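Encoded as structure tokens, the structure appears first; notes follow it.
The values are calculated or read from the model by the stated rules, or taken from the named source; none is laboratory data. The shown structure was predicted, so the numbers you read here are calculated from the model rather than taken from an experiment. Cβ placement follows ideal geometry from the backbone for every residue including glycine, while neighbour counts extend to all protein chains displayed. Quick note on the areas: whole protein, heavy atoms, side chains included, nothing else; ligands and nucleic acids left out. Shrake-Rupley method; radii C 1.70, N 1.55, O 1.52, S 1.80 Å.
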Amino acid sequence: MLEWELHSWDEIRDLIPRLRAVILPVGSVEQHSYHLPLATDSIGAYKISLEAAKRFGGSILVLPPIYYGVSEHHMDFPGTITISPETLLRLVCEIAISLKRHGIRTLIIINGHGGNISVLSEAVRRLRFEFDMNALLINPWELISDVIEETLESDVWGHACEFETSVALVEMPDLVRTDKIVDPHLRSLGKYFDPASKNRAIYPWRTKDFSDTGALGYPSKASREKGERLVSAMIDRTVEAIKEFLEKIG
């Protein structure tokens with residue numbers, strides 16, 4: 001079993017000396033337009049974590065995911081639950097401290113939600129420099145920019161879009177409401193304030209500033225075929241990144 005929480009305490013005790021790392025998936029509970037579940041990011045992060053851990057022959061276990069994330073920008077849409085950056089940071093650090101007390105020194109965070117990136121970046125910095133742990137943050141979609149460029153038809157993507165819907169058709173097909181897929185009416189905030197701009201100022205936008213449905217991109221262009229290519233690439237490169245990290249820290 002790769003799932004940490006399904007073991008008994010004595011099984012964990014016996015496994016710890018053989019563990020090279022533990023993975024913590026982190027996601028969110030937030031709107032994903034009409035057609036995807038609120039837990040899309042959490043489910044995706046957990047599935048990628050489990051698939052990646054399978055490649056390490058039992059030397060990596062996966063913790064229960066943190067379902068809640070920093071999602072204030074989606075709060076105009078019912079169902080979204082957000083926590084503060086401070087709460088997420090403290091939660092991750094306290095989980096890591098518990099692991100360290102049991103003798104685990106290496107924590108890999110696999111993140112499924114863009115709104116968590118800045119907090120989780122601070123978390124791994126703090127774990128290394130203040131708690132003397134080996135810490136790595138992986139945002140799987142950031143490892144496959146070339147595959148995304150080759151696969152997607154849309155110029156705009158980011159949330160409940162062609163990318164995320166294609167991935168969901170692979171990771172959670174029974175939860176995709178295909179009959180409710182509709183493209184949003186997207187509005188631009190200007191070249192210096194649009195998150196997709198390469199030259200931009202930092203603006204604390206809300207999803208409703210851009211979209212009437214909550215989607216940022218065009219889910220009508222999604223397909224399972226695209227999803228299979230994207231998911232496979234994210235798993236493969238997540239595994240590569242973990243291997244390189246473990247070699248680096250010895």
Please report the carbon-and-sulfur percent of the accessible area for the range 85-239; probe 1.4 Å, protein heavy atoms only, DNA, RNA and ligands left out.
49
Here the percent of antiparallel bridges among DSSP beta bridges lying wholly in the range 1-120, to the nearest 5, is 15
For the range 14-19, what does the Karplus curve 6.51 cos²θ - 1.76 cosθ + 1.60, with θ = phi - 60°, yield as ³J(HN,Hα) per residue in whole Hz, taken in order and with x for Gly and Pro?
6, 7, 3, x, 9, 7
Take E3 and K248, extend 7 Å from each Cα along the Cα→Cβ direction, and tell me the distance between the two endpoints in nm.
3.1
At 7 Å along the Cα-to-beta-carbon direction for both M75 and R206, put a label point, then send me their distance in nm to one decimal.
0.9
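Counting Lys and Arg as +1 and Asp and Glu as -1, each charge on the Cβ, what is the dipole of the range 131-250 about the Cα centre in debye, to the nearest 20? Display every interim value, and only then the final one.
Working: 15 positive and 22 negative charges, 97 e Å.
Roughly 460 debye for the range 131-250.
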Averaged per residue, what accessible surface does the chain expose to a 1.4 Å probe, in Å²?
50
What is the Cα centroid distance between the range 167-236 and the range 132-157, reported in whole angstrom?
13
What's the angle, to the nearest 10 degrees (0 to 90), between helix 85-101's Cα axis and the longest principal axis of the chain?
20
For V176, V170, give the ranking by accessible area with the largest first, probe 1.4 Å.
V170, V176
What length, rounded to one decimal in nm, is gained on full extension from E240 through to D155, with 0.36 nm per residue of separation minus their alpha-carbon distance?
27.8 nm
Rounded to the nearest 5, the percent of DSSP beta bridges in the chain running antiparallel is 15
At most 12 other Cβ within 10 Å, DSSP loop - GluC sites (Glu not before Pro), the range 122-219
E130, E153
What dipole magnitude, in Debye to the nearest 20, does the chain give about its Cα centre under +1 on Lys/Arg Cβ and -1 on Asp/Glu Cβ?
620
Subtracting the Cα-Cα distance from 0.36 nm times the residue separation, let me have the gained length for E142 to H185 in nm, one decimal.
12.9 nm
According to a simple spin-label model (label point 7 Å from Cα along Cα-to-Cβ), what is the distance in nm between R101 and E11?
2.3
For the range 140-247, run through the chymotrypsin sites (Phe, Trp or Tyr not before Pro) and keep only the ones in DSSP coil with at most 15 other Cβ atoms within 10 Å of their Cβ.
Y192, F193, W205
Exposure ranking of L91, L15 by accessible area [1.4 Å probe, largest first]:
L91, L15
By how many degrees, between 0 and 90 and to the nearest 10, does the Cα long axis of helix 224-249 differ from the longest principal axis of the chain?
40
Sequence-distant residues sharing a close amide H with I109 (under 5 Å, placed H):
L24, L136, L137, I138
Mind listing the phi-derived Karplus ³J(HN,Hα) values for the range 64-81, rounded to whole Hz, using 6.51, -1.76 and 1.60 with θ = phi - 60°, and x for any glycine or proline?
x, x, 7, 7, 9, x, 8, 9, 3, 5, 9, 5, 6, 10, x, x, 5, 10
So how tilted is helix 40-54 from the main axis of the chain? Cα-based, degrees 0 to 90, rounded to 10.
40
Here the convex hull volume per residue of the range 1-118, taken over Cα atoms and given in Å³, is 102
Less than 28 Å apart at the alpha-carbon level, and either on another chain or at least 8 residues along: which lysines does that give for K243?
K47, K54, K100, K226
To the nearest 10 square angstrom, how much accessible area does D10 have with a 1.4 angstrom probe?
60
